[in-house]
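First the structure, in the form of structure tokens, and then the observations on it.
A short reminder: the numbers here are calculations on the coordinates, not readings from a lab. Treat the numbers as computed from the prediction; the structure is a model and nothing was measured. Methodologically, a virtual Cβ is constructed for each residue, glycine included, from the backbone with ideal geometry; neighbour enumeration extends over all protein chains shown.
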Amino acid sequence: MKVVAVRDYQEMSDLAAKYIIQQVKKKPSSVLGLATGSTPKGTYQKLIEDAEKNGTSYAQVRTINLDEYVGLGQDHPQSYRYFMKANLFNHIDILKKNTYVPNGKAFNLDEECQCYEQLVRSIGVDLQLLGIGVNGHIGFNEPGTPFHSSTHIVKLADSTRKANSRFFETVEEVPKSAITMGIDSILQSKEIVLLASGSKKADALQKLVSGKTEDKFPASALKLHPNVTLIADYEALAKV
Ligand code: GLP
């Protein structure tokens, strides 16, 4: 895993956006794997600014998101589909039909997982953007998730619900489960860019860089992939 240290959140976002823009310029029909959370927000902002300023087009790009809360529809402000529309899709020339996010309100969730997994495998992700949870989760793959996992329903860890409760009125409102691409689904991507910013992620990065590769720490699976770049700021790298 290549590690690129940057000064702060802004620099991390600028660099991550550069990777994505380069990818799209090189291959206009790229498939981008996208993530939600506070971490990639600045990257998306940069992509929007660049599209406005330099006319970068996403008209042929397809995107596939990592995860979605079970039970939240696309009009729920905390759903990940809503997040993606508000923070990126509504502001660039991407076509809605080319953006995939799991359906958290699917009647048959098992079927939704199977279809999403088929999509991940057939679409071929060129570049996957990732954040990391405080407990090392990627997507919503909580500690203990097997590395060979495909898209599945996951019961969210208390620490994850607590960390994500900042976006909801109360922690009780945070859904108890989610659909997530599995670890093996994520590893199918040709290239992965993992982002981390701030002291809250310092322990997780310490474990990632120096710890064992084991399912107790999901992000460690990334060490099995040949083309991963970690872009992290000094605060997040403080314990590495
Ligand atoms: C969430 C998401 C992850 C994200 C992580 C970190 O639970 N499912 O995809 O990477 O938490 O979030 P943040 O970037 O807000 O710290």
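If I take every Cα pair under 8 Å that is 6 or more residues apart in the chain, average their sequence separation and divide by the length, what percent do I get for the relative contact order?
Numbers: 494 pairs, mean separation 63.5, N = 240.
Worked out over the chain, it gives 26 percent.
Set Lys and Arg Cβ to +1 and Asp and Glu Cβ to -1, take the dipole of the chain about its Cα centre, and tell me which of 204, 47, 6 lies farthest positive.
So the residue we want is 6.
Find the percent of Cα-Cα distances in the range 153-235 that exceed 22 Å, and round it to a whole number.
Numbers: 1279 of 3403 pairs.
It works out to 38 percent of all Cα pairs.
Evaluate the distance, in nm, between pseudo-label points positioned 7 Å from the Cα of residue 1 and of residue 38 along their respective Cα→Cβ axes.
2.1 nm
If you plug each phi of the range 44-58 into the Karplus form 6.51 cos²θ - 1.76 cosθ + 1.60 with θ = phi - 60°, what whole-Hz ³J(HN,Hα) values come out, in order, with x for Gly and Pro?
Karplus values, whole Hz, x for Gly and Pro: 5, 4, 4, 4, 5, 4, 5, 5, 5, 7, 10, x, 4, 9, 10.
Apply the Karplus parameterisation 6.51 cos²θ - 1.76 cosθ + 1.60, with θ equal to phi minus 60°, to every residue of the range 70-87 and state each ³J(HN,Hα) to the nearest whole Hz, in sequence, with x for glycine and proline.
6, x, 9, x, 5, 8, 6, x, 9, 6, 6, 4, 5, 4, 5, 5, 5, 9
Put +1 on the Cβ of each Lys and Arg and -1 on the Cβ of each Asp and Glu in the range 2-233; which of 24, 100, 147 then has its Cα farthest toward the positive end of the dipole?
Farthest towards the positive pole: 24.
Return the lysines within reach of residue 176: Cα separation strictly under 17 angstrom, same-chain partners fewer than 8 residues apart disregarded; answer none if there are no such residues.
Hits, sequence-local ones excluded: 105, 155, 162.
Taking the chain as a Gaussian network, where each spring joins two C-alpha atoms under 10 Å apart, which residue of 183, 138, 21 fluctuates the most?
Its mean-square fluctuation being the largest, the pick is 21.
Let a ≥ b ≥ c be the square roots of the eigenvalues of the Cα gyration tensor of the range 107-199; is it rounded (a/c under 1.5), or, if not, prolate (a/b larger than b/c) or oblate? Write down the numbers at each step before the final one.
On the way: a/c = 2.09, a/b = 1.29, b/c = 1.63.
It is oblate, given that a/c is not under 1.5 and a/b is not larger than b/c.
Given axes a ≥ b ≥ c from the Cα gyration tensor, I'd like to know whether the range 1-111 is rounded (a/c under 1.5), prolate (a/b larger than b/c) or oblate. List each step's numbers first, then the result.
Details: a/c = 1.88, a/b = 1.49, b/c = 1.26.
Here the range 1-111 falls in the prolate category.
Please report 181, 12 as a ranked list, fewest other C-beta atoms within 10 angstrom at the top and most at the bottom. Spell out each step's value before the answer.
Details: 181 31, 12 25.
With the sparsest Cβ surroundings first, the list reads 12, 181.
Along each of its three principal axes, how wide is the spread of alpha-carbon positions in the chain, in whole angstrom units, largest first?
44, 42, 36
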